[in-house]
Amino acid sequence: MDGSNDKVETIDAYISLQSEDIQGILQEMRRVIREEAPEATEKISYQMPTFYLNGNLVHFAAQKHHLGFYPTPRAIEAFKEELSSYKTSKGAVQFPLDKPIPYDLVRRMVRYRVEESARAAEQKKSKK
């Protein structure tokens, strides 16, 4: 982010605070996620753009040198081989801003999360 302490309330507002070159990356990230999760709603959670579907689906955030993508620990584990060239932690991956963002990989990870979310919602429903 730009270091501003202003709390943003929408993804549009979040993106507008970034430099122009970063705005394009964030808009594309948003577009890819939206295509794979059309039923998800957008919100700001933890001061990051978030897609919500039966719970938090994925988050993403601009950092100084990378785009943070937060698809949950299970998604990181499921795609760990494909993520091996990126810095990862339990539930996050860092895509360096000086390299092309792997939108196809993001697309598949979001699809994985949508399917995982649907299974969890079904299980919850069947317990009632």
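Result for the chain in a Gaussian network model with C-alpha springs under 10 Å: among Leu57, Leu83, Leu67, the largest mean-square fluctuation is at Leu83. Considering only Thr50, Thr41, Thr72, the mean-square fluctuation computed in a Gaussian network model of the chain, springs between alpha carbons under 10 angstrom, is largest for Thr41.
Sorting Met109, Met48 by the number of Cβ atoms found within 10 Å of their own Cβ, with the fewest placed first, yields Met48, Met109. Label-to-label distance, Glu28 versus Ser85, with points set 7 angstrom from Cα along the beta-carbon direction: 1.5 nm.
If the convex hull of the alpha-carbon atoms of segment 11-127 is projected onto planes in all directions, what is the mean projected area in square nanometres? If I average the Cα hull's projected area over directions, I get 7.2 nm². Measure nothing but the geometry: give the 0 to 90° angle between the long axis through the Cα atoms of 20-36 and the longest principal axis through the Cα atoms of the chain, rounded to 10°. The answer is roughly 10 degrees. Taking the chain as a Gaussian network of alpha-carbon nodes connected by springs under 10 Å, the highest mean-square fluctuation of the residues Tyr14, Tyr46, Tyr103 belongs to Tyr46. For segment 66-115, what percent of Cα pairs sit more than 16 Å apart? Cα-Cα pairs in segment 66-115 separated by more than 16 Å: 28 percent.
In order along segment 100-112, phi translates into HN-Hα couplings of x, 6, x, 4, 5, 5, 4, 4, 5, 5, 5, 4, 4 Hz, rounded to whole numbers, per the Karplus curve 6.51 cos²θ - 1.76 cosθ + 1.60 with θ = phi - 60° and x for Gly and Pro.
Only lysines eight or more places from Lys124 in sequence, or on another chain, were considered; those with a Cα closer than 30 Å are Lys43, Lys80, Lys90. At a Förster distance of 30 Å, what's the computed FRET efficiency of Asp98 paired with Ser16, Cβ-Cβ distance as r, to 0.05? Using R0 = 30 Å, I get an efficiency of 0.85.
Every number in this text was worked out from the coordinates using simple rules, so none of it is lab data. The structure displayed is predicted, hence computed values, not measured ones. Counting neighbours? That spans all protein chains shown, and the Cβs are built from the backbone with ideal geometry, glycine included.
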